[in-house]
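Colleague: Here it is: the structure, laid out below.
The values are calculated or read from the model by the stated rules, or taken from the named source; none is laboratory data. As the structure is a prediction and not an experimental result, all values here were calculated from the model. Cβ: placed from backbone, ideal geometry, glycine included. Neighbour counts: every protein chain shown. Side chains included, ligands, DNA and RNA excluded: accessible areas come from the protein's heavy atoms. Shrake-Rupley method; radii C 1.70, N 1.55, O 1.52, S 1.80 Å.
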Amino acid sequence: MVIVRLIGGLGSQMSEYAYAKVLEKKGYNVKIDTSLYEFYTLHGGYQLDKYNIDLEHSTKKENNKYFSNYFIIKILNKILNKIGISDLSSKVVEESSHLFDQKLLNIDDESYVIGDFFSEKYFKDIRNILLKQFITKDSPSNYMKSMEAKILGAANSCCIHVRRGDYFNNKKVNKVHGVCSPDYYHNAVEYIQSKVGCAQYFVFSNDIEWCKKNLKIDNVTYMENKERKSPHEDMHLMSSCQHNIIDHSSFCWWGAWLNQNSNKIVVAPQRWFSNEKLQKQSRDIYCEDWVKI
């Protein structure tokens, strides 16, 4: 059996699940570990239960089977590496960078896997399966129904996602990710208009007031839900737009990836990370037909 750990917000959960689902299609017996959501409550906590997913959850006993000696082995390996001795073997497999790694699709059975798997190169071949599984099970809220009708009724609808919040306020997170500037969004809008003409823009953000003050865009609807924010409903609405202007977050990445418009235009920021080391690992995050600005 292979267990894949899930952690992070909805976008991260989708990437990790998609990777696990690929392993299953390759013949592995796969389960997902969601135990960390007992403690991780950021970004709405665990969200995949809103979708038609079908992988089983691992048990605490199954997880412990892999972690019984893991941390001891990890400490010993750091010491051994300093004196030039090969690593001790471990059943835990960790993604080493954000670059696509073919070896992670051919792992040993009886492994516990940790990583982001934030590249469609891992799961592009099962797109049709994921499109069917990442459909919400719950009845849509009144907000979702009204906004979806407005999006579907618009000519050249275009989602704009602006993530600030922790990307701006948390110094540690900001050093890794940073935030996209108003110039990026203005240039992205100009590009969309050069390709499709007049468009209707739908702005999704965790800082709508900043968007209203700094994004001078015509034909815009700010997605303000007076009810409790629902990540899976926002995901659906983003994917319902004909085109997407995304920032450097996995949440809106998936909104664009799930967009089934065959003529969609997806604009993404040229710089995905503020951190230089991570930026050098970013090339596989982008899909081939996406436009980088």
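Colleague: Using heavy-atom solvent-accessible surface (probe 1.4 Å) with all chains present, what is the largest-first order of LYS61, LYS150, LYS21, LYS31? Display every interim value, and only then the final one.
Modeller: Details: LYS61 170, LYS150 95, LYS21 10, LYS31 30 Å².
Most to least solvent-accessible, the answer reads LYS61, LYS150, LYS31, LYS21.
Colleague: Tell me, what is the percent relative contact order of the chain, built from C-alpha pairs under 8 Å that lie six or more residues apart? Show your work: numbers first, answer last.
Modeller: Numbers: 467 pairs, mean separation 57.2, N = 293.
RCO, the chain: 20 percent.
Colleague: Additional query: Accessible area, 1.4 Å probe, largest first: how do THR221, THR41 sort? Let's see the in-between values first.
Modeller: Values: THR221 15, THR41 105 Å².
The ordering from most to least exposed comes out as THR41, THR221.
Colleague: So what's the back-of-envelope 222 nm ellipticity for the chain, counting only DSSP H runs of four-plus at -39500 (n - 2.57) apiece and dividing by all residues, rounded to 500?
Modeller: On the way: 13 runs with 113 residues, N = 293.
My calculation for the chain gives -10500 deg cm²/dmol from helical runs alone.
Colleague: With all pairs of different alpha carbon atoms counted, what Kirkwood hydrodynamic radius in Å does the chain show? Write out the running numbers ahead of the final one.
Modeller: Numbers: mean 1/r = 0.0490 Å⁻¹.
Every distinct Cα pair counted, the radius reaches 20.4 Å.
Colleague: May I ask which of LYS132/LYS226; LYS137/LYS216; LYS150/LYS226; LYS25/LYS137 have a Cα-Cα span longer than 27 Å here? Before the final figure, lay out the partial values.
Modeller: Details: LYS132/LYS226 29 Å; LYS137/LYS216 36 Å; LYS150/LYS226 17 Å; LYS25/LYS137 23 Å.
Check vs 27 Å cut-off fails for LYS132/LYS226; LYS137/LYS216.
Colleague: Rounded, prolate or oblate: which fits segment 97-165, taking a ≥ b ≥ c as square roots of the Cα gyration tensor eigenvalues, rounded meaning a/c under 1.5, else prolate when a/b beats b/c?
Modeller: Values: a/c = 2.56, a/b = 2.11, b/c = 1.21.
Since a/c reaches 1.5 and a/b is larger than b/c, the shape of segment 97-165 is classed as prolate.
Colleague: Describe numerically, in nm with one decimal, the distance between label points set 7 Å from Cα along Cα→Cβ at LYS132 and at LYS226.
Modeller: 4.0 nm
Colleague: To continue, here is another question. Sorted by average packing, counted as other Cβ atoms within 10 angstrom per residue and highest first, what order do 231-241, 107-117, 49-59 take? Please list the in-between numbers first.
Modeller: On the way: 231-241: 22.3, 107-117: 17.2, 49-59: 15.5.
The most tightly packed comes first, giving 231-241, 107-117, 49-59.
Colleague: Using Cβ-Cβ distances only, list the Cys residues of the chain with no partner cysteine under 4.7 Å, sorted by number.
Modeller: CYS158, CYS180, CYS198, CYS211, CYS252, CYS287
Colleague: Still on this structure: For the chain, what % of the accessible area comes from carbon and sulfur atoms, probe 1.4 Å?
Modeller: Working: 7360 of 14880 Å².
With neighbouring chains kept in place, the figure for the chain is 49 percent.
Colleague: Hey, what do the phi angles of segment 270-275 turn into as Karplus ³J(HN,Hα) couplings, whole Hz, using 6.51/-1.76/1.60 and θ = phi - 60°, x for Gly and Pro?
Modeller: After applying 6.51 cos²θ - 1.76 cosθ + 1.60, I find 4, 9, 8, 10, 6, 5 Hz.
Colleague: Turning to a different aspect of this structure: For segment 246-293, what relative contact order do you get, as a whole percent, if you take Cα pairs closer than 8 Å and at least 6 residues apart?
Modeller: Working: 39 pairs, mean separation 19.1, N = 48.
It comes to 40 percent, rounded to a whole number.
Colleague: Can I ask one more? For LYS212, LYS226, LYS103, LYS137, write out the residues from largest to smallest accessible area, computed with a 1.4 angstrom probe and no ligands counted. Show your work: numbers first, answer last.
Modeller: Values: LYS212 80, LYS226 205, LYS103 140, LYS137 115 Å².
Accessible-area ranking of LYS212, LYS226, LYS103, LYS137, largest first: LYS226, LYS103, LYS137, LYS212.
Colleague: With a cut-off of 8 Å between alpha carbons and a minimum separation of six or more residues, what is the relative contact order of segment 188-293 in percent? Walk me through the numbers on the way to the answer.
Modeller: On the way: 108 pairs, mean separation 21.2, N = 106.
Here the relative contact order equals 20 percent.
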